[in-house]
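Have a look at the structure below before the remarks.
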Amino acid sequence: MLKKLTYLLFFSLFSFANAEFYTIKLAVYKNLSTLKKEIKKLSPQLQKHVNIVQVGELYKASIDPKNNRKSLHPLLPAYKKVFADAFITGVKQTNVKKDKKIIPMYTGTSLYSKIKNRTLYLCSEGKNKNKVLIAVIFKKNTVNYKPLIGKIPPVSALYTIKNNKLFLYQKGLLDTKVYSLLEKTYKNYYLISSWVGNKKLNHLRYYFTLKDAKVYLKSF
């Protein structure tokens, strides 16, 4: 279980580190509100794929990176109707700098309101030989995984939520095939599933308090 849990937590961070990606760069604005107003002119389907990154005092908009440049060609004309200077370009595999952060486009989603600025305590679902307990610290744009029980390295990542799906970024890129979903809300915890494409890999418990998480672990 320990190996599986480690895979689930870090797969989205490393699964495409060596891949080559392409995106459509839309625009660079100094005013975030103005940029978001322009994005709202796009169809809802096109808006779903837009990301905003803040670098210093500038806000840069682009769409989710793809590993196939040709797949972006049919989309470019639609984006150019609002952003006339939009263009397809390769994405460099550079680390996210301290002055660079992801701006969530859809912060009003129910999942975002449940986890933003909260610390949850992750436990595996069901009986396992290796007990694992991780403090998952959600901030506005970042999430930190701090192991409390179990030999798992700590990890920090940028995250965003679209259509109530939780995505993690690696090196400024977003793998839309790897995400998490809130399945159920119980009295003491959220049950959150991990997915790759249309395949569910697992579901995990995110307790609201450390005390309840430890009680659960001690029950096995």
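The values are calculated or read from the model by the stated rules, or taken from the named source; none is laboratory data. Please read these numbers as outputs of a predicted model, since none were measured by experiment. Neighbour counts are summed over all protein chains in view; Cβ atoms, including those assigned to glycine, are modelled from backbone coordinates with ideal geometry.
Tabulated results
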quantity: Boolean, Y159 is at pLDDT below 90 and of a type in the set (S, T, Y); calculated: yes
quantity: Residue within the range 189-198 that is more than 25 Å from I149 (Cα to Cα) and in contact with a strand residue (DSSP E or B) (Cβ under 9 Å, 6 or more places away or on another chain) present; calculated: yes
quantity: Matching residues in the range 37-71 - criterion: being of a type in the set (G, A, S) and in contact (Cβ under 8 Å) with a residue 24 or more places away in the chain; calculated: S43, G56, A61, S62
quantity: Close pairs (7 angstrom Cβ cut-off, 6 or more residues apart or separate chains): in the same structural domain as L201 (by TED's automatic domain parsing) and assigned to a loop (DSSP other than H, G, I, E, B) in the range 122-151, buried (at least 16 other Cβ atoms within 10 Å of the Cβ) and modelled with pLDDT of 90 or more anywhere; calculated: E125/R205; G150/L133
quantity: Restricting the range 56-78 to residues that are surrounded by 11 or more Cβ atoms within 10 Å (Cβ to Cβ) and more than 15 Å from Y22 (Cα to Cα), the residue that is modelled with the highest pLDDT; calculated: A78
quantity: Qualifying residue in the range 181-202 (condition: in contact with a helix residue (DSSP H, G or I) (Cβ under 8 Å, 6 or more places away or on another chain), assigned by TED's automatic domain parsing to the domain that holds T142 and of a type in the set (D, E)); calculated: no
quantity: Scope the range 34-55; condition surrounded by fewer than 17 Cβ atoms within 10 Å (Cβ to Cβ), outside any helix (DSSP H, G or I) and not basic (K, R); matching residues; calculated: S43, Q54, V55
quantity: Test result for V82, of a type in the set (A, V, I, L, M, F, W, C), modelled with pLDDT of 95 or more and surrounded by fewer than 18 Cβ atoms within 10 Å (Cβ to Cβ); calculated: yes
quantity: K100 vs. criteria surrounded by 12 or more Cβ atoms within 10 Å (Cβ to Cβ), at pLDDT 80 or above, over 15 Å from the mean Cα position of the chain (by Cα) and of a type in the set (K, R); calculated: no
quantity: Filter result (among the basic types (K, R) and either at pLDDT 90 or above or surrounded by 19 or more Cβ atoms within 10 Å (Cβ to Cβ) (or both)) within the range 188-220; calculated: R205, K211, K214
